[in-house]
Amino acid sequence: MSPRTPIGHDLLERLASLEAVDGPAKKLAKQIRSLKSPPKLNEALSGTWLGHPVHPLLIVLPLGSWTSAVLLDWLGGKDAETAADLLVGAGIATALPTVATGYSDWADSEPASDTVRRIGIVHSLFNASAATLFGASLAARLGGARGRGKLLGLAGFAAVGMGGYLGGHLTYAEGVGVNLATFEDYPQDWTAVLADAAIGDGEMRAVDVDGVSILVVRRGGEVFALSNTCVHRGGPLDEGELVGDCVKCPWHGSEFRLEDGSVEQGPAAFPQPALEARVSDGSIEVRAPQRP
């Protein structure tokens, strides 16, 4: 009996092995990160202000508009033509911020994942094709070629559907946009992780606690502990730097407050998990935050 494989498995495997796209994709990602480097713009695109990525929220706008337009095209009759045309236009307009936030999320997948880079660039090509096809559909409608416009809209809907399939894989299978520390398990009881004398003021160390990397920091005579895995894209915080009362991720520059892990500067949209820390009998001990 042959093993059962999900629909699209072979396609995803092929896309994940497309080494040929790495060169141009890396250059494009670098350019996008440069364009969105101003902190306010970076945070706006990444969802720091919202508390989670913006892209999934915006997807429903063009997708919903175009889906409704196609349904009206083929099921709504002549009375629905104006509404269908307006929906096609609305989808094109809302695709612009959706694409911008999607490219922002994709560009920040560097340097962690070859698979995300490769599948993500194909995902964007399908969505760009969808926007182009719907744009041509709108032009045809306005020019009086409604039949051609309907067919172009149907082709655009197929393209956006394929893009959505790949986007779902990027989120749910590859973890793009999710909190990468969410499944970490921290000790519930005080656990010694480092000798008190092993870390000086203004220094930080990564320690392993039952398979979880924890960042220990001494700042201003106090000790602090955070997850060492950046919630944004998994960067190792111990390779970053201390900036005032914050630690700065070395990969994309997110800054988290040592006291509680809150985001001082994006692109991270989630707070960094913070543990309780203390010095006892010459050792630094940590434990998970205790719920009241």
Practice task
Mind counting the residues in the range 115-134 that are more than 22 Å from Ala16 (Cα to Cα), touching a helix residue (DSSP H, G or I) at 6+ places or on another chain (Cβ under 6 Å) and open to solvent by 30 Å² or more (accessible area, probe 1.4 Å)?
Solution key: 2
Problem - Matching residues, the range 1-49, being hydroxyl-bearing (Ser, Thr, Tyr) and surrounded by 12 or more Cβ atoms within 10 Å (Cβ to Cβ) - result: Ser46, Thr48
Exercise for the section: State which residue pairs qualify: first residue farther than 20 Å from Thr98 by Cα and in contact (Cβ under 8 Å) with a residue 24 or more places away in the chain and inside the range 136-160, second residue buried (at least 17 other Cβ atoms within 10 Å of the Cβ) and of a type in the set (Asp, Glu) in any location, beta carbons under 6 Å apart, and separation of 6 or more residues or different chains. Expected result: Arg141/Asp85; Lys150/Asp73
Practice task
Look through the range 98-114, keep the residues that are out of contact with any helix residue (DSSP H, G or I) (no Cβ under 6 Å at 6 or more places or on another chain) and not in a helix (DSSP H, G or I), and return whichever of them is least open to solvent (accessible area, probe 1.4 Å).
Solution key: Asp108
Practice task
Scan Gly161, Gly149 and give me the residue that is in a helix (DSSP H, G or I) and surrounded by fewer than 21 Cβ atoms within 10 Å (Cβ to Cβ).
Solution key: Gly161
Exercise for the section: Look at the range 195-241 and say how many of its residues are farther than 17 Å from Glu264 by Cβ, free of Cβ contacts under 8 Å to residues at least 40 places away in the same chain, over 23 Å from the mean Cα position of the chain (by Cα) and crowded, with 18+ Cβ neighbours inside 10 Å. Expected result: 2
Fill in the blank from the handout: When every residue in the range 74-93 that is within 15 Å of Leu142 (Cβ to Cβ) and over 34 Å from the mean Cα position of the chain (by Cα) is compared, the one most open to solvent (accessible area, probe 1.4 Å) is Thr82
Practice task
Scan the range 67-79 and give yes if some residue there is in contact with a Ser or Thr (Cβ under 6 Å, 6 or more places away or on another chain) and either touching a residue at least 40 places away in the same chain (Cβ under 8 Å) or among the charged types (D, E, K, R) (or both), otherwise no.
Solution key: no
Fill in the blank from the handout: Of all strands (runs of 3 or more DSSP E) fully inside the range 212-292, the set with 2 or more residues that are among the small types (Gly, Ala, Ser) is 222-227, 274-280
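The values are calculated or read from the model by the stated rules, or taken from the named source; none is laboratory data. As the structure is a computational prediction, the values presented were derived from the model and not from experiment. Reconstructed Cβ throughout: ideal geometry from the backbone, glycine too, with neighbour counts over all protein chains shown. We work out accessible area using only protein heavy atoms, side chains counted, and drop any ligands, DNA or RNA first. Shrake-Rupley method; radii C 1.70, N 1.55, O 1.52, S 1.80 Å.
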